[in-house]
Amino acid sequence: MQAEYILRGQVLSFAGTPFEGDSPEAAAKLHEAVAIGGGKVLELGTWDGLRKAHPMAELVDHGDRLILGGFVDAHVHFPQTAIIASWGKRLIDWLNSYTFPEEMRFGDRAYADEIAGRYLDLTRANGTTTMCSYCTIHPESVDAFFTAAQARGQRVVAGKTCMDRNAPDGLRDTAQSAHDDSAALIGRWHGVDRLSYAITPRFSPTSTAEQLEAMGALWADHPDCLMQTHLSEQTDEIAWVKSLFPEARDYLDTYEKFDLLGARGLYGHAIHLEDRERARLREVGAALVHCPTSNTFIGSGLFDMAGLMAEGQRIGLATDTGGGSSFSMLRTMAAAYEVGQLRGTPLHAAQLLWLATQGSARALHMGDQIGNIAPGMEADLVVLDLASTPAIAQRSAEAKDFWESVFATIMMGDDRAVAEVWINGARD
C-alpha cells in the first residue's frame, strides 16, 4: 500500500517493555519518520527512504518534535467533566457532594451530548486518542458518548454505570434493569466501528449482591467485553465494603464470588491490596489501573507500581477524570513519577511514556491495535513539542540526551506541548 502521509520527527516505537531488563530506554527505538495510510502505520524508517518508497505521500515535517502512539487513558468518568477539580472531599463525601448531583443530569440526552463532545475535545487537545469511560446509569449517557466518539473516528471503551443502592433517588437502577439495559447497549454498540463495551458495576458498595450476580451473568454471556470497576481506593471505603459484605474474605472477593474477576477485568486504583488479592489478580491476568492525580487529590494513598510490576501484574495509567485533577496524560505521568518518588521507586521517562500508551492499551487488551507506532498498528498518534514553553525550552536546551529532554516535558508539559493529534490516520 502506498502511504498517504509521511511524518518526520523523533518517532518513538516500543519494541519491548521498559519494566524488564536493566535499561528502561532499551525497550524504545527512535526512527526518523513514519508512513501511514488507510488508517494504519505502514512503515518506519528514514525520511529519505520513506519519501522514495512513497513518492505520492503528503510530507509532514515535524523537525525534532517527538511522535509517539496516542495516549490511552484506561479509567475515566466523562460525566464528571464539569465538576473536575472540586474542592476538599474524600471519596464517599466527594461522590455525594459533587458526583451524584452532576450524574443526575445525564438522563437529559442533550446535556449528555454536550458533555460527551466537550470531554472528547478536551482530551484530544491533550493528546489522548483512546479512553475507557464510565457513563451514568442512564443509557442516554452511553449513547451520547459512543455517538460523539464514532463521529470523531475514535477507538473508545465505555459502559453504563450500574448502581442499585447507596445512591440518591433517580440515580439507582435495579439488578434486572442494569442487566437488560447493559445487554441492549452491548447489542447496539459493542464492536461497531472502533467502539467497545465495558460492563460497569460502579463498585460493590453501590451494588447489591443481586446486581453483582446479574453483572457476572452478563459478563459470562459476553466474555469478549471488558468489565470495569473500582477496587481498594481508600481505607474507609474498604471498611465500608467489609460492613456490607461481612462474609467476604476481602474487597476483591465481593467481585470474585459473583464471577466478576477475570482477565478482561479492569480494577481502578487498587492501592490497599491484601496479599490474597494481589495473588488472585496476577493469577487471572486482570488489569490494575493507576490513577495518580486522583489518588493524591482525594487523599487515597500511594500505588505500589514497583512491587506490582515486579509481581507481573498488568498495569495501565489513567487520569480518573474528574476525581483526577487533570485531563492531561502528561500531568498524570508527572504525578506517577512523584508517587514513585514518595515510595522510593521513581519511574524512568521511558516507563512513564510506555504506561501512558502501550501499558494502558495492554490493560484494555488492545496492545496490538493502539498505543504504539509499529507496522500494522492503527494510526493514532500524538506529536509533542519538546520546547513548548520558555521554561521547558530552556531546560530542554541543557539536556544531555533524548530522555532528559523528554522528561522535562513530562514534568512541566500541558496541552501546549501537543502540537498535533492523528486519529485513525486523520490529522486533527
Study note, to complete from the structure: Carbon/sulfur accessible area of the stretch 1-76, % of total, 1.4 Å probe, equals 46
Point to revise | Neighbourhood charge, 13 Å Cβ-Cβ cut-off, centred on residue 405 and excluding it, Lys, Arg +1 and Asp, Glu -1 | key: -3
Point to revise | Solvent-accessible area, 1.4 Å probe, carbon plus sulfur percent, for the stretch 228-288 | key: 47
Practice item. Taking a cut-off of 30 Å between Cα atoms, list the lysines near residue 52, but don't count ones fewer than 8 places away on the same chain. Key: 29, 40
Check your understanding: With no solvent and one point on each alpha carbon, what is the Debye value of log10 I(q)/I(0) for the stretch 17-138 at q = 0.10, 0.15 Å⁻¹?
Key -> -0.56, -0.87
Practice item. Please work out the Cα convex hull volume for the stretch 76-195 and give it in Å³ per residue. Key: 95
Review point. With every protein chain present, what is the per residue accessible area of the chain (1.4 Å probe, Å²)?
Key: 35
Point to revise | CD proxy at 222 nm, helix term only [per DSSP H run n ≥ 4: -39500 (n - 2.57); per residue of the chain; nearest 500] | key: -10000 deg cm²/dmol
Review point. What residue among 399, 27, 112 has the largest mean-square fluctuation in a Gaussian network model of the chain, using Cα springs under 10 Å?
Key: 399
Check your understanding: Among 234, 313, 394, which one moves the most in a GNM of the chain with springs linking Cα atoms closer than 10 Å?
Key -> 394
Revision key, fill the gap. Other residues with Cβ under 13 Å from the Cβ of residue 227 give, with Lys and Arg +1 and Asp and Glu -1, a net charge of -1
Check your understanding: Whole number please: convex hull volume per residue of the Cα set in the stretch 224-378, in Å³?
Key -> 117
Practice item. May I ask for the equivalent-ellipsoid semi-axes of the stretch 334-428, computed as the square root of five times each C-alpha gyration tensor eigenvalue and listed largest first in whole Å? Key: 24, 19, 11
Practice item. Can you tell me the 0 to 90 degree angle between the C-alpha axis of helix 329-342 and the longest principal axis of the chain, rounded to 10? Key: 70
Review point. Cβ under 13 Å from residue 317's Cβ, residue 317 left aside: what net charge do those residues give with Lys, Arg +1 and Asp, Glu -1?
Key: +1
Exercise for review: Kindly give the semi-axes, whole Å and largest first, of the ellipsoid equivalent to the chain, taking each as the square root of 5 times a Cα gyration tensor eigenvalue.
Suggested key: 35, 24, 20
Study note, to complete from the structure: For the chain, longest principal axis from Cα atoms; helix 109-125 axis from its Cα atoms; angle between them, nearest 10 degrees, is 40
**Study point:** Centroid-to-centroid separation of the stretch 346-370 and the stretch 109-140 [C-alpha atoms, Å]
**Key:** 22
Check your understanding: Could you name the lysines in cross-link range of residue 242, using Cα to Cα under 20 Å and dropping any fewer than eight places away on the same chain?
Key -> 257
**Study point:** Using alpha-carbon coordinates, inclination of helix 235-244 to the longest axis of the chain, degrees
**Key:** 40
Review point. Of the beta bridges DSSP finds with both residues in the chain, what % are antiparallel, to the nearest 5?
Key: 40
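The values are calculated or read from the model by the stated rules, or taken from the named source; none is laboratory data. Being a predicted model, the structure only gives us computed values, none of them experimental. Counting neighbours? That spans all protein chains shown, and the Cβs are built from the backbone with ideal geometry, glycine included. SASA here: full protein model, heavy atoms, side chains in, ligands and nucleic acids out. Shrake-Rupley method; radii C 1.70, N 1.55, O 1.52, S 1.80 Å.
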